[in-house]
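Report on the following structure.
The values are calculated or read from the model by the stated rules, or taken from the named source; none is laboratory data. Treat the numbers as computed from the prediction; the structure is a model and nothing was measured. Neighbour counts run over all protein chains shown; Cβ positions are idealised from the backbone, glycine included.
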There are 2 protein chains.
Amino acid sequence: MSATIHQLSGGQRPASIEPLMQLVAPELNGVNEIILARMQSDVAVIPALAGHLISGGGKRLRPMLTLACARLVGYEGARHHKLSASVEFIHTATLLHDDVVDGSGQRRGKKAANLIWGNEATVLVGDFLFSRAFELMVEDGSLRVLKILSSASAVIAQGEVDQLQTQRRIDTTEDRYLRVITAKTAILFSAACQIAGVVAESSEQVIESLEAYGRYLGIAFQLVDDAIDYGGDAETMGKDAGDDFREGKLTLPVILAYKRGNDEARAFWRKAIEDGKTDDADFAEACRLMAGAGAIDDTLERARHYGRLAQDAIADFPAGAAKDALLETVRFAIARAY
Amino acid sequence: MSATIHQLSGGQRPASIEPLMQLVAPELNGVNEIILARMQSDVAVIPALAGHLISGGGKRLRPMLTLACARLVGYEGARHHKLSASVEFIHTATLLHDDVVDGSGQRRGKKAANLIWGNEATVLVGDFLFSRAFELMVEDGSLRVLKILSSASAVIAQGEVDQLQTQRRIDTTEDRYLRVITAKTAILFSAACQIAGVVAESSEQVIESLEAYGRYLGIAFQLVDDAIDYGGDAETMGKDAGDDFREGKLTLPVILAYKRGNDEARAFWRKAIEDGKTDDADFAEACRLMAGAGAIDDTLERARHYGRLAQDAIADFPAGAAKDALLETVRFAIARAY
């Protein structure tokens, strides 16, 4: 492992999530078994609906982070398998409720669950998975893990409501945006990493470092997601490019393009976001204005900043396959799809 | 306290929830303070939306049951205050998600939250309260309570999905209906009672008796609710009479009226429930058919059966104000609004 290999831009080989996947592959099978077993129910629509999202296309990024962080701190038990399944359930519950809230048509490259099963069942199956997540944690029995994940869940819900409020407000600040994505995305990344340190009974300093790694990585991931929406394609993203724009979501690219724009550009953004004037021609214009304002480039620059923070958070951990994989995952978060 | 006073029908004075309220009034203030403190958030819409339901009109029936059961088993601590707030949060979260799922216009005599704040915020504030419920339990630190309430939550969500599936199916059996109301209503009543025994470190037999009391009481409550929908008024119910009918909900009165009806009556019910042909004239006809079939009377008779089971579940507990109040609450559950 060297600084050259893990540098965040200009690397010679393409960034990849492969090292992380290879590192945790055998254990991930066990986690998948727990996930499949625990999403079962006599009520047939529950495994069908949950499985639509869980079985199909999910990268299991958060469980993989738990597994890799456990490896990083030398944990040799298996308690974190159940807990990482729990994190995936919380994540899936959030996605299901998001689908209802956003009305987005696609999720992970498939039709969103609420369009197939309806909003009602989607909300309730989300509730079911959320409850199952807590059942899994209770079985493990660590009150500290329960505290981390119940707090994370409360923060996520608050972040989602916060985002709902800003949805059509063009004057949202970058600070507020960062608060929202920290709450709605980064907190669960950080919890996934942190709990590995908790089950390993690592020192407080180690647990804090894992927490920081996850949080910064999560922010970087979300920033890049928000950038890709103005330039990626549906296949890479598992969602349609322009989804955020059409939903009037205030993401950092929009915030930057608006702040830096002239009167004409600002009028365009105001109309697009606040009045929802967002057809295909509008989206093309949006992308043009963003390029002119350097909004995508600078969103990615912000992402690189957080990527560096994530890498530094684990800089003093012992070298090895786990550390390599976690550093490379940061590189992947930044570089994917570009 | 005597069998005469607590008999379930033909009593001379009207049944009342007053004894329960008087028993727990001082402690309930403490619970209310916890509830109000914990529904706060920097995101202003959260306390506004949560408070709409929590501050207004809620009877706090489940927290009152926890408090009364704690008194019944001689518990003198205060741990159950936080836990009963937790139960109320789970209940409120369920109601908020129900409002989205049912599309009902009224809740506790007020406009439903989703009609004021939208489905999106209502789903998310439900998630927030649910997370807060777990945070409160984690603070208390009893893994057994966490297990009871996380399992209850999973069962509730399953019951709700189950009900969603039966919603427009006229051939739902009484068995399945009982399973649904046990899951979606009775389980939280039983959890509320049971956790009092857990914090009091009562014997397993006592904890089981409290669980049974709550479960049977919950079933009785729901049966009476379902009967009242075909004859109560909005003021008593906090919902509109006929709401269930208009939503095509398969409740026991409908199941009985359908099973006992002639071909004509069955055709009516099929049309009403499966095709949603449910205007005001249809509702009047539904009530007429029910009266003819004795469907309301026998739904109430079933309720009385469960009421007797609830009372017998705590028959061997020591006499006193707590026992009197809990027995009288059963009587109230059955007799209210009739």
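Look at B:ARG176 and say whether it is under 21 Å from B:ALA154 (Cβ atoms) and surrounded by fewer than 18 Cβ atoms within 10 Å (Cβ to Cβ).
Considered against the rule, which asks whether it is under 21 Å from B:ALA154 (Cβ atoms) and surrounded by fewer than 18 Cβ atoms within 10 Å (Cβ to Cβ), B:ARG176 comes out as yes.
Does the range A:25-38 contain any residue that is surrounded by 15 or more Cβ atoms within 10 Å (Cβ to Cβ), at pLDDT 90 or above, within 14 Å of chain B (Cβ to nearest Cβ) and in contact with a helix residue (DSSP H, G or I) (Cβ under 7 Å, 6 or more places away or on another chain)?
Within the range A:25-38 (the criterion being surrounded by 15 or more Cβ atoms within 10 Å (Cβ to Cβ), at pLDDT 90 or above, within 14 Å of chain B (Cβ to nearest Cβ) and in contact with a helix residue (DSSP H, G or I) (Cβ under 7 Å, 6 or more places away or on another chain)), the answer is yes, since at least one residue qualifies.
What are the residue pairs meeting all of these: first residue in the range A:114-133, first residue more than 8 Å from chain B (Cβ to nearest Cβ), second residue part of a helix (DSSP H, G or I) and of a type in the set (Asp, Glu), Cβ atoms under 7 Å, and 6 or more apart or on different chains?
That search, which allows pairs on different chains as well, returns A:ASN114/A:ASP99; A:THR122/A:ASP99.
For the condition small (Gly, Ala, Ser), more than 22 Å from the chain's Cα centre (by Cα) and on the phi > 0 side of the Ramachandran plot, what is the one hit in B:GLY248, B:GLY292, B:GLY320, B:GLY261?
The conditions single out B:GLY320.
Could you please let me know if B:ALA70 is within 14 Å of chain A (Cβ to nearest Cβ) and part of a helix (DSSP H, G or I)?
The answer is no for B:ALA70.
Just to be sure I understand, how many residues within the range A:32-82 are over 22 Å from A:ILE314 (Cα atoms) and among the hydrophobic types (A, V, I, L, M, F, W, C)?
Count: 15.
Name the residue that is surrounded by the most Cβ atoms within 10 Å (Cβ to Cβ), counting only residues in the range B:134-154 that are under 18 Å from the mean Cα position of the chain (by Cα) and more than 7 Å from chain A (Cβ to nearest Cβ). First the steps, then the outcome.
The first filter runs over the range B:134-154 and keeps only residues under 18 Å from the mean Cα position of the chain (by Cα), leaving B:148-154.
In the following step, the residues that additionally are more than 7 Å from chain A (Cβ to nearest Cβ) were identified as B:148-149, B:152.
On the way: B:ILE148: 24, B:LEU149: 29, B:ALA152: 23.
Looking at residues that are under 18 Å from the mean Cα position of the chain (by Cα) and more than 7 Å from chain A (Cβ to nearest Cβ), I get B:LEU149.
Would you check if A:ALA267 is among the small types (Gly, Ala, Ser), more than 30 Å from A:GLU328 (Cβ to Cβ) and assigned to a helix (DSSP H, G or I)?
yes
Do we find that A:HIS91 is assigned to a helix (DSSP H, G or I), within 14 Å of chain B (Cβ to nearest Cβ), closer than 25 Å to B:ALA154 by Cα and in contact with a Gly (Cβ under 8 Å, 6 or more places away or on another chain) in this structure?
Answer is no for this residue.
Looking at (1) surrounded by fewer than 17 Cβ atoms within 10 Å (Cβ to Cβ); (2) polar (S, T, N, Q); (3) under 30 Å from B:GLU27 (Cα atoms), can you tell me which one B:ASN262 breaks?
Of (1) surrounded by fewer than 17 Cβ atoms within 10 Å (Cβ to Cβ); (2) polar (S, T, N, Q); (3) under 30 Å from B:GLU27 (Cα atoms), only one is false for B:ASN262: (3).
Please count how many residues of the range B:136-180 are touching a residue at least 12 places away in the same chain (Cβ under 8 Å), more than 20 Å from B:LEU252 (Cβ to Cβ) and either touching a strand residue (DSSP E or B) at 6+ places or on another chain (Cβ under 7 Å) or basic (Lys, Arg) (or both).
Total meeting the criteria: 1.
Name the pairs whose Cβ atoms lie under 6 Å apart, with the first residue in the range A:181-192 and farther than 13 Å from A:ALA212 by Cβ and modelled with pLDDT under 95, the second of a type in the set (D, E, K, R) and surrounded by 23 or more Cβ atoms within 10 Å (Cβ to Cβ), and 6 or more positions between them or separate chains?
That search, which allows pairs on different chains as well, returns A:LYS184/A:GLU160.
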